[in-house]
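Notes to accompany the following structure.
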Amino acid sequence: MATPPPPQQGAAPHNPYGTPPQQGAAPQHNPYAMPQQPQPQGVPYGNPYAAYQQQPQPRQPHQAGYACRFCGAQPAAPGTVRGHQGMVLMMRFLSTHGPFCRDCGTSIVRDMSAKTLWQGWWGPASLFITPLTVLVNLVPRSAFRKLGPPVGGFRPPLDPGKPLWQRPPALIIATPMALIALSIVALIVIGAATS
Ligand SMILES: [Zn+2]
């Protein structure tokens, strides 16, 4: 009795499509793979705050955004007003930071400069620092003078007061200091002429 030939175990079945599937090989194209997103231009390192940084800043020319630190009025300009006190062996450097409106800034410049002319001289180094301090105050003073009249403050602005050179401390101190400076110059000139 003839038995039919057993099926060929292990034989590869006939593949009607030719190429067998390559098991284990990496798929050339995975439709579910995450596509590599290119980094957006202009945002390095994926800065999450970039959107905020790109918003236009409410900055306007001519210091329109500043309000006076003392009275709250506008317009105001930033600036640091300086003063100096000489105390023979010690000295103090004073400063007041703005922004200030026109009237408050002018008042503070005049007050601190007048006090510097009164209190500033009393020390060896202070003899040089005092006139420098008054000169340096001319920078914020000119910035305050360019501002318009202050409006919208929560209190009245400071009274600018008299100009520096009409104030008694300046006159009382500046006159003898000018005489002393003149005499020193005279002594130098005389000493140079007679040597
Ligand atoms: Zn003010």
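The values are calculated or read from the model by the stated rules, or taken from the named source; none is laboratory data. These numbers come from a predicted model, not from an experiment. Note: ideal-geometry Cβ built from the backbone for every residue, glycine included; neighbour counts use all protein chains shown. Note: accessible area is taken over every heavy atom of the protein model, side chains too, but ligands, DNA and RNA are not part of it. Shrake-Rupley method; radii C 1.70, N 1.55, O 1.52, S 1.80 Å.
Tabulated data for the structure shown
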item: All Cα pairs of segment 70-144, percent lying beyond 22 Å; result: 24
item: Accessible heavy-atom area order of 146, 162, highest first, probe of 1.4 Å; result: 146, 162
item: Distant-in-sequence amide H partners of residue 70 (H built 1.01 Å from N, under 5 Å); result: 101
item: Three-way shape label, segment 117-195, alpha-carbon gyration tensor, a/c 1.5; result: prolate
item: Inverse mean reciprocal Cα-Cα distance (Kirkwood Rh) of segment 59-195, Å; result: 16.2
item: Rounded to the nearest 10 Å², the accessible area of residue 142 at probe 1.4 Å; result: 50
item: Which of 132, 127 is most accessible, then next, and so on - probe 1.4 Å; result: 132, 127
item: Distance (nanometres) between label positions extended 7 Å along Cα→Cβ at residue 154 and residue 180; result: 4.4
